[in-house]
Amino acid sequence: MSHKVEFELGGRTMVIESGRLAAQANGAATIRYGDSMIIATVCAETEPKEGFDFFPLTVEYREKSYAAGKIPGGFFKREGRPSEKEILSARIIDRTIRPLFPEDFQGETQCINYVISHDQQNDTDIMALNGTSAAIAVSDVPIEKTIAGVRVGRVDGQFVVNPTIEQIEQSDINITISGSKDAITMVEGGGREIPENELVDALMFAHDHIKMIVDKIEELRGMAGKPKFEYTPVVVDETLKAKVAELIGDRLNQYNRIADKETRKTEKKKMQDEILEALSEEFEDSEGTIKELIHDHDAAVMRKMIVEENQRIDGRQPDDIRQLTSEVGLLPRAHGSALFTRGQTQALVAVTLGTKIDEQRLDELEGESTKSYMLHYNFPPFSTGETKPIRGTSRREVGHGALAERALLPIIPVEDSFPYTIRIVSDILESNGSSSMASVCGGSLAMMDAGVPVKAAVGGIAMGLIKEGDKVIILTDILGDEDHFGDMDFKVAGTAEGITAIQMDIKISGLDIETMRMAVEKARTARLKIIEHMIQTIPKHRDQLSEFAPRIITLKIPQSKIGDVIGPGGKIIRAIIEETGAKIDIDDDGTVLIATIDGEAGKRAKERIEALVEEAEIGKTYDGVVRRITNFGAFVEIIPGTDGLVHISELDTSRVNRVEDICKVGDRLKVKVIDIDPEGKIRLSRRALLDNGGNRGDRRDRNKSRQR
């Protein structure tokens with residue numbers, strides 16, 4: 001039986017329905033918002049799989065081309081590997097729902113979302129997040145709380161819930177927020193240098209709508225929900241737990257005071273191997289459980305140090321930032337480069353400048369578009385001292401790259417003033433703490449080094465949190481272990497003026513607004529310190545581009561002349577490219593971009609194009625070529641493809657009997673445009689220039705030649 005709830009959200013009706021589609025899944029829900037529709041499903045096992053010592057949750061978000069009335073491109077004409085948009089959407093759902101499952105539940109769980117209709121106005125990622133929540137709510141899969149999510153924009157100074165795609169383009173804020181009735185659990189997005197207090201206002205605005213959606217999902221659960229199934233909880237042998245604790249003793253308390261990550265990691269590994277060997281006979285096949293017990297003990301020791309002693313692993317106080325070092329111009333042939341190091345996190349960032357030809361072309365449900373600015377993030381295994389296979393770009397790398405790309409977007413110059421395609425690549429060489437925020441800092445420095453006219457420096461910082469009872473401690477510049485064992489990962493990037501990107505994941509049930517307000521303010525203080533350091537490395541962008549970067553010349557030609565420049569079958573423009581070596585791109589609006597390393601070649605290409613599109617002007621003088629002679633005058637080509645008539649009476653100041661007495665075919669002749677009739681016929685004059693003293697020498701020379 002089908003059940004559904006309807007409600008108004010952002011001036012549109014949202015319909016959540018269950019029981020109509022995908023009945024064999026543990027839970028399923030469809031959401032319609034405008035003419036956009038998604039179906040969300042959840043399936044789960046009641047028993048944990050053998051060999052799993054973690055909660056195996058997978059989330060997929062896939063867009064069907066038929067949803068927008070499209071046929072996929074490519075040879076096979078079917079959807080392939082997930083796009084970046086699909087990966088990022090799946091990550092948002094995963095990060096929202098993962099903390100909500102019971103800690104002792106390890107049944108394999110899979111959430112799949114299909115976009116089955118898209119009206120190109122209402123984005124479907126938020127719909128999928130709410131659909132997943134509804135599918136889990138009505139299912140028999142155990143979960144501790146109901147969540148929901150919204151996107152917040154701001155148009156003309158007013159917050160907008162779930163802005164349309166058109167409104168997002170006009171908005172200075174684009175943030176996705178999810179949470180329960182009690183607190184916010186996930187934040188992802190950015191804006192154009194948003195002040196901290198305005199960000200908090202946006203979160204409060206979002207939470208009001210989240211609570212309303214949660215009520216509606218719970219209403220649907222009341223109508224269509226299944227009883228939650230009984231699962232086999234993960235139970236640890238108390239004897240094993242006691243023996244592991246005994247063998248650990250005080251060692252973790254000592255090791256967690258070792259500042260160097262590798263030394264600390266080595267000592268913990270030795271201890272783990274000793275414990276596994278000591279218990280291998282008595283507790284056979286319990287290796288995974290023993291490792292999990294050591295992990296939990298490690299987390300408890302680290303958290304106790306911070307809460308009771310105000311002592312962090314590397315000896316810092318909660319608000320301290322690790323040592324910062326940075327340099328630019330490290331790579332001799334890159335157009336711009338920077339090496340940014342914060343403690344044991346290091347990013348090598350390079351900037352490459354290209355032309356319009358280098359833009360990324362996107363074919364999405366919303367329509368076709370291009371990207372002229374990209375940031376790609378790579379996290380090789382050696383950055384953490386590990387050996388792992390490299391099998392393409394991971395979801396984590398896509399997510400971290402998108403965050404850093406979003407952070408730098410507001411400082412990128414507009415295309416009209418800087419018509420380059422910009423690609424930033426961040427290769428992480430060391431990692432112990434937020435490498436995405438190191439990529440932000442390195443990317444900002446590298447663009448300055450490349451001479452990109454960015455408006456300001458952007459810094460980024462990762463904040464953490466430890467919450468024990470009523471005591472809350474916010475940590476600045478968290479280490480990898482503090483992220484792993486802590487309760488929050490909160491990344492904030494921005495300029496000195498405001499926030500450009502934010503990402504927050506809460507591992508506990510949620511955070512109240514006041515705690516978030518405090519975290520945002522502490523992040524601002526840290527960000528300003530980092531920006532101050534960056535400015536000391538390079539105070540502003542360089543005045544000149546790298547000698548290896550292409551020089552781009554921009555000019556505008558009439559749209560009616562585009563065909564003249566391209567020529568039949570592209571013959572003319574190919575000839576210019578072959579002659580000059582320049583790259584030439586012509587937009588439909590007549591904008592011409594000429595790119596070349598050799599400035600002189602670019603200048604020649606520009607002159608060739610200008611000559612092709614030049615139009616005659618009355619009163620202007622031209623150095624033309626005689627193309628045809630008649631009894632009544634000479635036709636002179638003043639612009640390639642454009643000629644005019646010099647009547648015999650306009651050839652000289654005195655009477656001319658024969659045109660050939662003055663010029664012959666192939667002669668160069670200086671002439672002046674004296675008239676252009678409504679049909680475009682051009683009248684030229686040589687006499688007008690002779691009256692002003694022009695071409696007199698030419699006339700005397702010719703007369704002398706005839707006399708001889």
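Rule-based calculations on the coordinates, nothing more; no lab input. Note that the structure is a prediction, hence the values are computed from the model and not measured. FYI the Cβ positions are ideal-geometry reconstructions off the backbone, even for glycines, and counts take in every protein chain you see.
Of note:
- Scoring 649-655, 148-154 by mean Cβ neighbours within 10 Å over their residues and listing the highest first yields 148-154, 649-655.
- Once backbone amide H atoms are built at 1.01 Å from N, Gln311 has Ile306 as its partners under 5 Å, excluding neighbours fewer than 5 places away on the same chain.
- Spatially proximal lysines relative to Lys561 (Cα-Cα < 24 Å; intrachain offsets below 8 disregarded): Lys356, Lys571, Lys583, Lys603, Lys606, Lys620, Lys672, Lys681
- Theoretical FRET efficiency, 1/(1+(r/R0)^6), r = Cβ-Cβ of Ile357 and Glu637, R0 51 Å, to 0.05: 0.95
- Remark: Asp298, Asp182 ranked as Asp182, Asp298, counting other beta-carbon atoms within 10 Å and listing the fewest first.
- Full extension of the segment from Arg517 to Glu198, taken as 0.36 nm per residue of separation minus the current Cα-Cα distance, would add 113.8 nm.
- Cα centre as origin, Lys/Arg/Asp/Glu Cβ charges: the chain dipole, Debye: 4300
- Charge tally around Ala582: other residues with Cβ under 14 Å, Lys/Arg +1 each, Asp/Glu -1 each, net +1.
- Taking amide H as placed 1.01 Å from N in the peptide plane, Gly27 has its amide H under 5 Å from the amide H of Val42, each at least 5 places away in sequence or on another chain.
- Whole-Å distance, taken between Cα centres, linking region 603-672 and region 119-193: 68
- Extending 7 Å from Cα along the Cβ direction at Thr325 and again at Leu528 yields two label points whose distance is 2.8 nm.
- FRET efficiency for Glu679 and Leu555, using Cβ-Cβ distance with R0 set to 30 Å, rounded to 0.05: 0.60
- Straightening the chain between Lys181 and Asp623 buys 151.2 nm, computed as 0.36 nm per residue apart minus the Cα-Cα spacing.
- Axis angle, to the nearest 10 degrees, between helix 196-224 and the longest C-alpha principal axis of the chain: 60 degrees.
- In degrees, nearest ten, helix 435-450 long axis to first principal axis of the chain (Cα): 20
- Per-residue Cβ neighbour rank within 10 angstrom, fewest leading, Phe485, Phe54, Phe105: Phe54, Phe105, Phe485
- Cα-centre dipole for region 551-613 with unit charges at Cβ (Lys and Arg positive, Asp and Glu negative), debye to 20: 100
- Cα-based reach from Lys49 at 15 Å (exclusive), listing aspartates and glutamates while leaving out same-chain residues under 8 positions away: Asp104, Glu108, Asp285
- Taking a straight line from the alpha carbon of Lys216, these lysines sit under 20 Å away, with near neighbours fewer than eight places off in the same chain left out: Lys4, Lys145, Lys181, Lys226, Lys228.
- Whole-angstrom gap from region 464-511 to region 1-71, using each part's C-alpha centre: 30
- Per-residue ellipticity at 222 nm, computed for the chain from helices alone with -39500 (n - 2.57) per DSSP H run of at least four residues, works out to -10500 deg cm²/dmol.
- Sorted peptide list for 30-36, 349-355, 678-684, criterion being average Cβ within 10 angstrom, highest first: 349-355, 30-36, 678-684
- A Förster distance of 45 Å, applied to the separation of the beta-carbon atoms of Glu6 and Glu308, puts the FRET efficiency at 0.30.
- Rounded to the nearest 10 degrees, the inclination of helix 261-279 to the longest alpha-carbon principal axis of the chain is 40 degrees.
- Relative contact order [Cα under 8 Å, 6+ residues apart], the chain, whole percent: 10
- Where labels lie 7 Å past Cα in the beta-carbon direction, separation of Ala616 and Ser417 in nm: 4.1
- Pair Arg396, Met223: separation of 7 Å Cα→Cβ label points (nm): 4.2
- Only Lys, Arg, Asp and Glu carry charge here, each on its Cβ (+1 for the first two, -1 for the last two); on that basis region 584-668 has a dipole of about 560 debye about its Cα centre.
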